[in-house]
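*Asks:* Okay, here's the structure, questions in a sec.
The values are calculated or read from the model by the stated rules, or taken from the named source; none is laboratory data. Just so we're clear, the structure is a prediction, and the values are computed from it rather than from any experiment. Virtual Cβ from ideal backbone geometry, glycine too; neighbours counted across all protein chains shown.
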């Protein structure tokens, strides 16, 4: 069990290293998912603050979505975070998938963010 935790930590560190190398002052779109929900934040690492966030736990999303654990919910969260970021004047970000593979819900969130106007 501990081996898997270390593997996830190594993947996350490797992804974070590559993000820092190509960030060039752009904020980071970080994704976190659980078995039942998905969350996204746009973070300014220079200042250490979260600029915008969205998740399936928001009241409006809980009322409209059947579940927070599918690709449709992730796509909606991606579009929401993009709309909020564009309203704040952010159009370019660096995508941080963490230790998750770019597949399924993580990919759906990224595609929704691109449709909403974010570039990465």
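*Asks:* Report whether or not residue 66 is over 13 Å from residue 29 (Cβ atoms) and without any contact (Cβ under 8 Å) to a residue 24 or more places away in the chain.
*Replies:* yes
*Asks:* Looking at region 46-57, can you tell me whether even one residue there is under 16 Å from residue 32 (Cβ atoms), at pLDDT below 95 and out of contact with any strand residue (DSSP E or B) (no Cβ under 6 Å at 6 or more places or on another chain)?
*Replies:* Within region 46-57, not a single residue is under 16 Å from residue 32 (Cβ atoms), at pLDDT below 95 and out of contact with any strand residue (DSSP E or B) (no Cβ under 6 Å at 6 or more places or on another chain).
*Asks:* Now a separate question. Within region 23-38, which residues are under 15 Å from residue 71 (Cβ atoms) and touching a strand residue (DSSP E or B) at 6+ places or on another chain (Cβ under 8 Å)?
*Replies:* 31, 33, 37, 38 - these are the residues of region 23-38 that are under 15 Å from residue 71 (Cβ atoms) and touching a strand residue (DSSP E or B) at 6+ places or on another chain (Cβ under 8 Å).
*Asks:* Would you confirm whether or not region 102-115 contains a residue that is farther than 18 Å from residue 23 by Cα, part of a helix (DSSP H, G or I), touching a helix residue (DSSP H, G or I) at 6+ places or on another chain (Cβ under 6 Å) and in contact (Cβ under 8 Å) with a residue 60 or more places away in the chain?
*Replies:* yes
*Asks:* How many residues, within region 73-101, are closer than 18 Å to residue 11 by Cα and either in contact with a strand residue (DSSP E or B) (Cβ under 8 Å, 6 or more places away or on another chain) or part of a helix (DSSP H, G or I) (or both)? Steps first, please.
*Replies:* Quick first cut of region 73-101, residues closer than 18 Å to residue 11 by Cα only: 94-101.
From the residues that got through so far, the ones that are either in contact with a strand residue (DSSP E or B) (Cβ under 8 Å, 6 or more places away or on another chain) or part of a helix (DSSP H, G or I) (or both) too are 94-98, 100.
Count: 6.
*Asks:* Mind counting the residues in region 16-39 that are under 23 Å from residue 85 (Cβ atoms) and modelled with pLDDT under 85? Let's see the steps before the verdict.
*Replies:* The first filter runs over region 16-39 and keeps only residues under 23 Å from residue 85 (Cβ atoms), leaving 16, 18-34, 37-39.
Cutting the leftovers down to modelled with pLDDT under 85 gives us 16, 18-25.
Matching residues across region 16-39 total 9.
*Asks:* May I ask you to verify whether residue 55 is closer than 19 Å to residue 100 by Cα and free of Cβ contacts under 8 Å to residues at least 24 places away in the same chain? Walk me through how you get there before you give the answer.
*Replies:* Values: closer than 19 Å to residue 100 by Cα: yes; free of Cβ contacts under 8 Å to residues at least 24 places away in the same chain: yes.
Against the criterion (closer than 19 Å to residue 100 by Cα and free of Cβ contacts under 8 Å to residues at least 24 places away in the same chain), residue 55 qualifies.
*Asks:* Hey, another quick one. Looking at (1) buried (at least 16 other Cβ atoms within 10 Å of the Cβ); (2) not in a strand (DSSP E or B), can you tell me which one residue 53 breaks?
*Replies:* Of the numbered conditions (1) buried (at least 16 other Cβ atoms within 10 Å of the Cβ); (2) not in a strand (DSSP E or B), the odd one out for residue 53 is (2).
*Asks:* Looking at region 31-47, is at least one residue under 16 Å from residue 93 (Cα atoms) and more than 17 Å from the chain's Cα centre (by Cα)?
*Replies:* Yes; the residues of region 31-47 include at least one that is under 16 Å from residue 93 (Cα atoms) and more than 17 Å from the chain's Cα centre (by Cα).
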